[in-house]
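Reviewing the structure listed below.
The values are calculated or read from the model by the stated rules, or taken from the named source; none is laboratory data. Note that the structure is predicted; figures quoted are calculated from it, not measured. Cβ sites come from the backbone with ideal geometry, for glycine too, and all protein chains shown count toward neighbours. Note: accessible area is taken over every heavy atom of the protein model, side chains too, but ligands, DNA and RNA are not part of it. Shrake-Rupley method; radii C 1.70, N 1.55, O 1.52, S 1.80 Å.
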Amino acid sequence: MSTDQFLEKALLLAKEAGEYQRSRLWTPLDIQHKGEIDLVTEVDKRSEELIVTGLQRAFPDHDFLAEENIYSDRGKNHKWIIDPLDGTTNFTHGFPWFAVSIALEVDGEIVLGVVFHTMMAEMFHALKGEGAYLNGAPIRVSSRSPLRSSLLATGFPYDSATDPENNFNHFANFQMRTRGIRRAGAAALDLAYVAAGRFDGFWESKLKPWDVAAGQLLVKEAGGVVTGFAGEPYSVYSHRIVASNGLIHDEMLETFKT
Ligand code: IPD
Ligand code: CA
Ligand code: CA
């Protein structure tokens, strides 16, 4: 089985799930609360089922880690890491900014990432060592610096009212040192936009592997840099992520110290 076959299937299922989501946007939804703020809809669940069933059928020997269900970890070499709908709050409120995120980890390393931005018909993909692409054309991170001229993206955890690690301090510090910050509400897209050179950097804490697995590969394959807040090597299972075009990375790391 080759990486091309994995990619072909991931692209197909991302498109299918995205089209289903588009058909359900602005329609009545069955919405449930995972927490006080954190929502889940029938569309998140149905999208996950569609993607996981499709992959399971094609690759019965692979493991799965996805947001809306627990799948048994059978210790397989291949593990798909899936956020069926990144941007659920947006989706639920009819704000059309959300994406499907699918990544493949092989022997502990993310080797494939797909992010489908349904409403813009933009399919991002990356394969380890083979670059990052948008609708089939190569993409690169921006060449913008210094930090003062940069546009950044971030997000806040669902429990920001109760956990002091709520990103408010970093947000204020970056707001004073950059051209601006966007909080669009879908981390997978924030990372895809860094890869495409539309954002110059992104940081967030308390994200889950499915939020970032595909997007961080896009950034690296587009020539960017991804680390933890102190510049330490990054894993999708880490707590904190900072991704940038590389040129403003040190200035971003300095900002976390202020
Ligand atoms: C959320 C989004 C958001 C980020 C949250 C994530 P979800 O994912 O990526 O941008 O700030 O922390 O949980 O819940 O919409 O899949
Ligand atoms: Ca998510
Ligand atoms: Ca989600």
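Within the group 108, 136, 87, which residue is at positive phi and either touching a residue at least 60 places away in the same chain (Cβ under 8 Å) or of a type in the set (A, V, I, L, M, F, W, C) (or both)?
87
Which numbered condition in (1) in contact with a Gly (Cβ under 8 Å, 6 or more places away or on another chain); (2) of a type in the set (Gly, Ala, Ser); (3) at pLDDT below 95 is the only one that residue 35 fails?
Residue 35 satisfies all of (1) in contact with a Gly (Cβ under 8 Å, 6 or more places away or on another chain); (2) of a type in the set (Gly, Ala, Ser); (3) at pLDDT below 95 except (1).
So for the range 39-49 (the condition being assigned by TED's automatic domain parsing to the domain that holds residue 87, closer than 29 Å to residue 132 by Cβ and surrounded by fewer than 16 Cβ atoms within 10 Å (Cβ to Cβ)), does at least one residue qualify?
yes
Counting residues that are under 27 Å from residue 182 (Cβ atoms) and of a type in the set (Val, Ile, Thr), which helices (runs of 4 or more DSSP H) fully inside the range 1-116 reach at least 3? Working first, answer last.
Values: elements: 3-24, 42-58, 88-93.
Of the helices (runs of 4 or more DSSP H) lying wholly inside the range 1-116, those with at least 3 residues that are under 27 Å from residue 182 (Cβ atoms) and of a type in the set (Val, Ile, Thr) span 88-93.
Among the candidates 185, 201, which residue alone is farther than 21 Å from residue 95 by Cα, of a type in the set (Gly, Ala, Ser), surrounded by 15 or more Cβ atoms within 10 Å (Cβ to Cβ) and modelled with pLDDT of 95 or more?
Just a single option satisfies the conditions, and that option is 201.
Take the residues in the range 139-164 that are polar (S, T, N, Q), touching a residue at least 40 places away in the same chain (Cβ under 8 Å) and in contact with a helix residue (DSSP H, G or I) (Cβ under 9 Å, 6 or more places away or on another chain), then tell me which one is surrounded by the fewest Cβ atoms within 10 Å (Cβ to Cβ).
Out of the qualifying residues, it is 145.
Are any residues in the range 166-182 out of contact with any helix residue (DSSP H, G or I) (no Cβ under 7 Å at 6 or more places or on another chain) and open to solvent by 20 Å² or more (accessible area, probe 1.4 Å), and if so, which ones?
Filtering the range 166-182 for residues out of contact with any helix residue (DSSP H, G or I) (no Cβ under 7 Å at 6 or more places or on another chain) gives 166-169, 171-172, 175-176, 180, 182.
If the condition is that a residue be out of contact with any helix residue (DSSP H, G or I) (no Cβ under 7 Å at 6 or more places or on another chain) and open to solvent by 20 Å² or more (accessible area, probe 1.4 Å), then 166, 168, 169, 171, 172, 175, 176, 182 are the ones that fit.
Can you tell which of 157, 164 is at pLDDT below 95, out of contact with any Pro (no Cβ under 8 Å at 6 or more places or on another chain) and within 8 Å of ligand 1 (Cβ to nearest atom)?
Just a single option satisfies the conditions, and that option is 157.
Is there a residue in the range 53-62 that is within 20 Å of the chain's Cα centre (by Cα), farther than 16 Å from residue 111 by Cβ and open to solvent by 20 Å² or more (accessible area, probe 1.4 Å)?
Looking through the range 53-62, none of the residues is within 20 Å of the chain's Cα centre (by Cα), farther than 16 Å from residue 111 by Cβ and open to solvent by 20 Å² or more (accessible area, probe 1.4 Å).
Just the residues that are at pLDDT below 95 and either closer than 16 Å to residue 16 by Cβ or within 16 Å of ligand 1 (Cβ to nearest atom) (or both), please, taken from the range 38-72.
Across the range 38-72, the qualifying residues are 38, 39, 40, 41.
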